[in-house]
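Okay, so here's the structure we're looking at.
The values are calculated or read from the model by the stated rules, or taken from the named source; none is laboratory data. Since this is a predicted model, take the numbers as computed values, not measurements. Heads up, the Cβs are rebuilt from the backbone with ideal geometry, glycines too, and the neighbour counts pull from every protein chain shown. Quick note on the areas: whole protein, heavy atoms, side chains included, nothing else; ligands and nucleic acids left out. Shrake-Rupley method; radii C 1.70, N 1.55, O 1.52, S 1.80 Å.
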Amino acid sequence: MANDRTDTLIPTLSASPELAAEPVITLGLSRQQHLWIAATIWTVVGAGLLTMGSIFWFHFPYLGDLDTRHLAIGGSALSVGLLKGKFVLDKTAQRVIDRTETLNEPNPFKSVFQMFGGKTIALIASMMGIGVILRAAGVSFEIRGLIYLAVGTGLLWSCRQYWKSSFQILS
């Protein structure tokens, strides 16, 4: 009998013993591929924000502001980011990870949007909107740097959830 599983989204080429001449092709992204995409997005955006925050707040690469005040306030922003990552973004990441178990969209682009879901996309859009508003309002580089430090740290903290889950073998 041919492979009757329709919930498998891993691109595979397989043939049943009876129908060895007719391969069965299943399209879509696997759970692991979805998690790699999410992990990569959160890692790249988090690293970018952390880098820009460091440049704006500490004036890297010139190391112009490495005095005690800048280090203490920058450390506070990093702490806020870790708290946001632990208490907000980790929950968001776990929801996305749980959702990858039930994805059944063969179109890879649609399945990535399904993976994140409405709440996560709204969270991402609101964070991007806040960044645009801060730039348009003329908020100083230093204040934006602190915000970028916090958000980038939170994203980098929470991306570990995606990476860890992408390498777990499901039973």
Subject >> Inter-residue pairs, beta-carbon under 8 Å, first hydroxyl-bearing (S, T, Y) and in segment 71-99, second open to solvent by less than 60 Å² (accessible area, probe 1.4 Å), 6+ apart >> reply: T92/T120; T92/L123; T92/S158
**OP:** Residue by residue through segment 113-145, note down the ones that are in a helix (DSSP H, G or I), in contact with a helix residue (DSSP H, G or I) (Cβ under 9 Å, 6 or more places away or on another chain), among the hydrophobic types (A, V, I, L, M, F, W, C) and within 26 Å of H70 (Cβ to Cβ).
**Re:** M127, I130, L134, F141, I143
Subject >> Check on L71, within 30 Å of T100 (Cβ to Cβ) and either modelled with pLDDT under 55 or assigned to a helix (DSSP H, G or I) (or both) >> reply: no
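To keep it simple, each residue is scored yes or no on (1) at pLDDT 95 or above; (2) farther than 15 Å from A38 by Cα; (3) open to solvent by 80 Å² or more (accessible area, probe 1.4 Å).
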| position | (1), (2), (3) |
| --- | --- |
| T100 | no, no, no |
| N107 | no, yes, no |
| G117 | no, no, no |
| L123 | no, no, no |
| G131 | no, yes, no |
| E142 | no, yes, no |
| L149 | yes, yes, no |
| C159 | yes, no, no |
| W163 | yes, no, yes |
**OP:** Under 8 Å between Cβ atoms, at least 6 apart or on separate chains: pull out the pairs that start in segment 110-124 with a residue that is of a type in the set (S, T, N, Q) and end on any residue that is part of a helix (DSSP H, G or I) and open to solvent by less than 60 Å² (accessible area, probe 1.4 Å).
**Re:** S111/H34; T120/T92; T120/V96
**OP:** Please enumerate the residues belonging to segment 82-112 that are farther than 17 Å from M127 by Cβ, of a type in the set (A, V, I, L, M) and not in a loop (DSSP other than H, G, I, E, B).
**Re:** I97, V112
**OP:** Go through G46, G85 for me and flag whichever is out of contact with any Ser or Thr (no Cβ under 6 Å at 6 or more places or on another chain), within 19 Å of L156 (Cβ to Cβ) and either modelled with pLDDT under 95 or surrounded by 17 or more Cβ atoms within 10 Å (Cβ to Cβ) (or both).
**Re:** G46
